[in-house]
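Accompanying notes for the structure given below.
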Amino acid sequence: MSATAPTAGRAPRTANARPLLPPGPRGPAAIHFAQLAQRPLESLLKWHARYGDLFTVRYPVFGTGDYVADPQAIRDLHTGDQSDLRAGEANAPLGIVLGQRSVLVLDGAEHMRQRKLLLPPFQGSAVTAFRTTIRDVAEREVASWRPGRRFTMRERMRALTFEVIARAVFGVEQPARIEQLRRTLSAVIDRQYVALLPRALQRDLGPRSPWGSLQARLRAADALLYEEIARRRDAPDLDARTDVLSLLLRARDEDGEGLTDVELRDELMTMLLAGHETTATGLAFAFDLLLHAPATLARLRDELASGSDAYLDAVVTETLRLRPVIDANQRKLTQPRVVAGWELPAGVAVYPAIAVVQRRADLYPEPDAFRPERFLDGRTESYAWLPFGGGIRRCIGAALAQAEMAEVIRTIVTRVELRARRARLEHVVMRGVTLVPQHGTPVEVVRAA
Ligand code: HEM
């Protein structure tokens with residue numbers, strides 16, 4: 001399937017024996033980064049159309065990487081032996097905020113141990129139980145929307161998804177405590193960009209410097225998180241509780257060991273950072289698409305009124321196909337590896353190109369159209385629909401995120417009528433490591449129940 005000229009498993013080499021990388025855009029790395037930041041989808045799709053299923057892009061800070069847009073090659077990367085593919089190492093800068101024991105920055109056996117402990121609270125019945133919490137939070141949010149009120153969906157959805165994490169993951173119920181967590185943790189989120197700054201700027205130049213203020217905010221956040229962990233350890237009803245933190249406190253690995261307080265702190269921070277803005281952005285994209293597709297929105301309302309959730313689930317799946325929140329997951333090669341017929345050298349990053357695969361016309365006819373109907377049978381192809389990545393690093397919160405998107409969309413479309421304040425669909429831009437609607441999807445409430 002690869003459009004890149006395949007070799008016999010070994011890349012041609014240049015005269016000085018440096019491996020030749022697959023073709024890709026030429027010119028300064030800073031220009032490629034600017035193109036990716038300003039028009040990520042258009043840039044990736046343009047490079048794919050020009051260079052094929054494997055193309056090399058050079059970025060400042062992140063270095064050289066190869067995007068892979070062939071589902072078979074992505075399958076090969078995500079299955080079988082992955083010990084030469086490091087995701088934790090690629091995520092290392094995030095460790096400043098997440099902590100060094102976060103599942104996101106670990107690799108190998110340490111990663112697998114944390115992952116196995118984290119997975120059960122996010123599976124099947126646990127997520128079904130969270131739906132009630134999500135509906136409660138969404139109902140309360142929508143109850144305050146009055147006709148004429150204007151806001152951006154991304155901002156309101158951030159507030160909502162924070163509350164879902166606070167209740168379902170942290171297990172905190174008291175509104176005042178949720179508010180305190182929101183203020184303290186949002187202060188960290190607003191400064192997380194510091195982790196991506198060049199090393200020279202990651203120094204304490206006083207409390208007002210980016211680094212100094214991040215450290216102060218982290219100390220305040222850590223104090224609250226450790227307080228919450230200590231309280232929960234002593235909670236008389238710990239064994240009966242169903243929030244993720246309580247489940248993690250009871251979890252044991254194969255040697256009968258539980259998670260330490262530092263590990264719990266790092267995973268709470270990870271779940272917040274990985275699960276709060278991503279889901280909020282997914283919802284903002286869903287409303288951008290729905291409010292610009294009246295027939296689709298009308299059908300969604302009809303199907304919900306008739307008691308069927310199939311179309312609602314298809315809307316979530318199609319939103320994540322057309323507007324993935326992460327453009328590409330990433331792995332760093334520790335050894336040379338043959339990818340789509342090219343031997344890539346150790347040290348380069350490999351990016352399974354989520355945003356590009358999901359626009360392949362051979363897999364999705366009329367790939368640029370928003371058509372939930374294509375997913376009405378409920379089936380998705382693991383390596384052609386991968387908004388949550390794949391393999392041993394696939395998103396732990398995928399089921400929660402999809403349930404959350406579905407319940408929030410259900411509540412909003414059945415309770416209120418919104419109008420998009422922009423005539424056309426939003427441009428997609430890059431913020432940090434995520435794709436977002438450029439203006440956050442501004443809306444106005446037209447009718448409220
Ligand atoms: C629409 C919402 C979300 C999207 C698009 C998303 C996407 C992703 C992606 C692309 C990855 C990387 C996978 C890979 O490298 O192969 C990931 C990892 C992860 N996500 Fe999510 N995510 C979302 C929501 C959540 C939620 C709600 C949580 C938890 C509360 C969560 C927790 C995590 C964790 C812990 C990892 C690291 C897994 C590992 O390294 O083993 N995510 N997510």
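The values are calculated or read from the model by the stated rules, or taken from the named source; none is laboratory data. These figures come from a predicted structure and were not determined experimentally. Don't worry about glycine lacking a Cβ; one is built from the backbone with ideal geometry, like all the others, and counts go over all protein chains shown. Just the protein is used for accessible areas: all its heavy atoms, side chains included, with ligands, DNA and RNA removed. Shrake-Rupley method; radii C 1.70, N 1.55, O 1.52, S 1.80 Å.
Scan the stretch 265-294 residue by residue and report those that are open to solvent by less than 10 Å² (accessible area, probe 1.4 Å) and of a type in the set (Gly, Ala, Ser).
Of everything in the stretch 265-294, those that are open to solvent by less than 10 Å² (accessible area, probe 1.4 Å) and of a type in the set (Gly, Ala, Ser) turn out to be ALA280, GLY282, ALA284, ALA286.
Under the condition of being among the small types (Gly, Ala, Ser) and within 12 Å of the ligand (Cβ to nearest atom), which residue from the stretch 377-399 is modelled with the lowest pLDDT? Reasoning before the result, please.
Pass one, the stretch 377-399, residues among the small types (Gly, Ala, Ser): 378, 382, 384, 389-391, 397-399.
Remaining after also requiring within 12 Å of the ligand (Cβ to nearest atom): 382, 389-391, 397-399.
On the way: SER382: 82, GLY389: 96, GLY390: 94, GLY391: 93, GLY397: 96, ALA398: 97, ALA399: 96.
Only one residue tops the list, namely SER382.
Would you confirm whether or not the stretch 132-150 contains a residue that is assigned to a strand (DSSP E or B) and away from the ligand (no atom under 12 Å from the Cβ)?
Checked against the condition, which is being assigned to a strand (DSSP E or B) and away from the ligand (no atom under 12 Å from the Cβ), the stretch 132-150 yields at least one hit.
For the stretch 84-98, which residues satisfy the criterion of being away from the ligand (no atom under 14 Å from the Cβ) and touching a strand residue (DSSP E or B) at 6+ places or on another chain (Cβ under 8 Å)?
Within the stretch 84-98, ASP84 is the sole residue that qualifies.
So which residues in the stretch 345-395 are over 16 Å from the mean Cα position of the chain (by Cα) and of a type in the set (Ser, Thr, Tyr)?
TYR364, THR380, SER382, TYR383
Within the stretch 237-249, is even one residue away from the ligand (no atom under 16 Å from the Cβ), of a type in the set (S, T, N, Q) and not in a helix (DSSP H, G or I)?
So far as the stretch 237-249 goes, no, none of its residues is away from the ligand (no atom under 16 Å from the Cβ), of a type in the set (S, T, N, Q) and not in a helix (DSSP H, G or I).
Could you please tell me which pairs satisfy a Cβ distance under 7 Å, a separation of 6+ or placement on different chains, a first residue in the stretch 261-274 that is near the ligand (Cβ under 9 Å from one of its atoms), and a second residue that is outside any helix (DSSP H, G or I) and open to solvent by less than 10 Å² (accessible area, probe 1.4 Å)?
From residues that are near the ligand (Cβ under 9 Å from one of its atoms), the pairs are GLU267/SER102; THR270/SER102.
Residue check, GLU227 against (1) part of a helix (DSSP H, G or I); (2) farther than 24 Å from PHE122 by Cβ; (3) open to solvent by less than 70 Å² (accessible area, probe 1.4 Å), all met but one. Which one?
GLU227 satisfies all of (1) part of a helix (DSSP H, G or I); (2) farther than 24 Å from PHE122 by Cβ; (3) open to solvent by less than 70 Å² (accessible area, probe 1.4 Å) except (3).
Counting only residues that are of a type in the set (Asp, Glu) and touching a Lys or Arg at 6+ places or on another chain (Cβ under 9 Å), how many does the stretch 286-338 have?
3
Restricting attention to the stretch 35-86, report how many residues are open to solvent by 30 Å² or more (accessible area, probe 1.4 Å), assigned to a loop (DSSP other than H, G, I, E, B) and either modelled with pLDDT of 95 or more or among the hydroxyl-bearing types (Ser, Thr, Tyr) (or both).
Residues meeting the conditions: 3.
Considering only residues that are among the charged types (D, E, K, R) and in a helix (DSSP H, G or I), look in the stretch 178-194 and name the one that is farthest from ALA168 (Cα to Cα). Steps first, answer last, please.
Filtering the stretch 178-194 down to residues among the charged types (D, E, K, R) leaves 179, 182-183, 190-191.
Filter again for in a helix (DSSP H, G or I), leaving 179, 182-183, 190.
Details: GLU179: 15, ARG182: 14, ARG183: 18, ASP190: 23 Å.
Selected residue: ASP190.
Looking at (1) farther than 23 Å from PRO367 by Cβ; (2) within 19 Å of the chain's Cα centre (by Cα), which one does ALA398 not meet, given that it meets all the others?
(1)
If we keep just the residues of the stretch 206-224 that are closer than 18 Å to GLU179 by Cα and out of contact with any Ser or Thr (no Cβ under 9 Å at 6 or more places or on another chain), which is most open to solvent (accessible area, probe 1.4 Å)?
Residue satisfying both the conditions and the ranking: ARG219.
Residues in the stretch 318-343 that are buried (at least 22 other Cβ atoms within 10 Å of the Cβ) and hydroxyl-bearing (Ser, Thr, Tyr): how many?
Final tally of qualifying residues: 1.
Every residue in the stretch 399-445 that is open to solvent by 60 Å² or more (accessible area, probe 1.4 Å) and in a strand (DSSP E or B), please.
Listed by number, the residues that qualify are GLU417, ARG419, ARG431.
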